[in-house]
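Below is one structure, written out as structure tokens; comments come after it.
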Amino acid sequence: MRPLSFRRKLAVHVSRVERDDVPTLAQIHADAFPHAWDEDAMTSLLNGNGVAALAARPHGDGGRAPVGFVVYRSVSEEAEILTIATAAGRRRRGVGRALMEHCIRALQADRVERLILEVGATNHKALDLYRSLGFKPISRRRGYYRPPVQDAAAHRHDALVLQLDLD
Ligand SMILES: CC(C)(COP(=O)(O)OP(=O)(O)OC[C@H]1O[C@@H](n2cnc3c(N)ncnc32)[C@H](O)[C@@H]1OP(=O)(O)O)[C@@H](O)C(=O)NCCC(=O)NCCS
């Protein structure tokens, strides 16, 4: 019998985000972060200068709807992850890793030299993912994240800035 912790990888293909994906991406984002972006905010992010976005879509379940996405911006030799999220019911099944690996390969193909991102110092799931890909911390922004409005008594959290050399 398989152990209870067994998690089956979700087979996905990763492709560019399309305009039709925006409502799904806004929903995934709202479920993932305390400060939600609505569809307009998501659209304006995706239309930003140098911004690209990838969506992970499951194979063979009859739909193309994304189950995760990553948004990044490249400026000259540097790129930054602006956001990444996997739909709440599909986490820990390889989607986030697939998105990051595609993003890294696309940036390497474009000869981008380094990729940076910012992550909550207590976001251990995301930190594990980034460390396993080779990201290293380069700075800490103290009290960078404000708590959600409904949790106003909570403390501000530090952010870590991580970097991956791409060459
Ligand atoms: C962070 C996030 C994108 C990871 O996506 P995911 O699809 O669950 O990630 P994966 O299944 O590909 O897991 C990749 C690695 O992340 C780490 N990880 C993911 N979930 C974890 C968990 N629950 N506990 C510990 N490590 C975890 C592990 O190192 C894992 O590798 P492994 O499964 O081989 O051990 C997802 O948890 C998420 O959407 N979180 C909310 C939004 C967020 O915090 N985004 C990051 C902001 S910087």
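Values for this structure:
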read-out: Pairs with Cβ under 6 Å, 6+ apart, first in region 116-133 and under 20 Å from residue 79 (Cα atoms), second near the ligand (Cβ under 6 Å from one of its atoms) and outside any strand (DSSP E or B); value: 119/126; 129/96
read-out: In region 28-64, residue surrounded by the fewest Cβ atoms within 10 Å (Cβ to Cβ) [restricted to those that are polar (S, T, N, Q) and either in contact with an Asp or Glu (Cβ under 7 Å, 6 or more places away or on another chain) or touching a residue at least 12 places away in the same chain (Cβ under 8 Å) (or both)]; value: 49
read-out: Selected residue (only one of 115, 162 is in contact with a Pro (Cβ under 6 Å, 6 or more places away or on another chain), under 28 Å from residue 27 (Cβ atoms) and not acidic (Asp, Glu)); value: 162
read-out: Test: residue in region 37-45 that is within 13 Å of the ligand (Cβ to nearest atom), of a type in the set (Val, Ile, Thr) and on the phi < 0 side of the Ramachandran plot; value: no
read-out: Only listed residue being more than 11 Å from the ligand (Cβ to nearest atom), among the aliphatic types (A, V, I, L, M), modelled with pLDDT of 95 or more and in contact with a helix residue (DSSP H, G or I) (Cβ under 6 Å, 6 or more places away or on another chain), chosen from 85, 79, 109; value: 79
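The values are calculated or read from the model by the stated rules, or taken from the named source; none is laboratory data. All values derive from a computational prediction rather than experimental measurement. Methodologically, a virtual Cβ is constructed for each residue, glycine included, from the backbone with ideal geometry; neighbour enumeration extends over all protein chains shown.
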